[in-house]
1. Please tell me the relative contact order of the stretch 2-109 in percent, rounded to the nearest whole number, where contacts are Cα pairs under 8 Å and at least six residues apart.
2. Just subtract the alpha-carbon distance of residue 97 and residue 67 from 0.36 nm times their residue separation and send over the number in nm, one decimal.
3. So what are the three principal axis dimensions of the stretch 2-109 from its Cα atoms, in whole Å, longest to shortest?
4. Would you calculate a helix-derived [θ] at 222 nm for the chain, using -39,500 (n - 2.57) for each DSSP H run of n ≥ 4 and dividing by the full residue count, to the nearest 500?
């Protein structure tokens, strides 16, 4: 079960990387960046996972417990990535209003 989730997090990252590298539409690139972030967050949570483990707050002398730090930091990471996505979308909307395109090959040709 754990290996499957590691593979799925790696696949999520690769799908996002594919969108960033191959796609020309700016919105698709932003979605690819977000998918890459989800893959990283899933991997980060899986690092702290242990089967048959308990929370460290239950018993002070527990030998087999999960690390609570990744589970606590992931919501902050996701909130920061959401704010970054909003900024990217706002910038792409302004770019579209000014130049009437979201195609990266045409945006790269613009001067000024």
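Computed from the coordinates by the stated procedures, all read-outs in this text should not be read as laboratory data. These numbers were taken from a predicted model, which means no experiment stands behind them.
1. Working: 107 pairs, mean separation 28.0, N = 108.
Once divided by the residue count of the stretch 2-109, the mean separation gives 26 percent.
2. Numbers: separation 30, 0.36 × 30 = 10.80 nm, distance 4.68 nm.
Full-extension gain reported as 6.1 nm.
3. That gives 62, 25, 13 Å along the principal axes, largest extent first.
4. Details: 4 runs with 81 residues, N = 112.
One gets -25000 deg cm²/dmol as the mean residue ellipticity at 222 nm.
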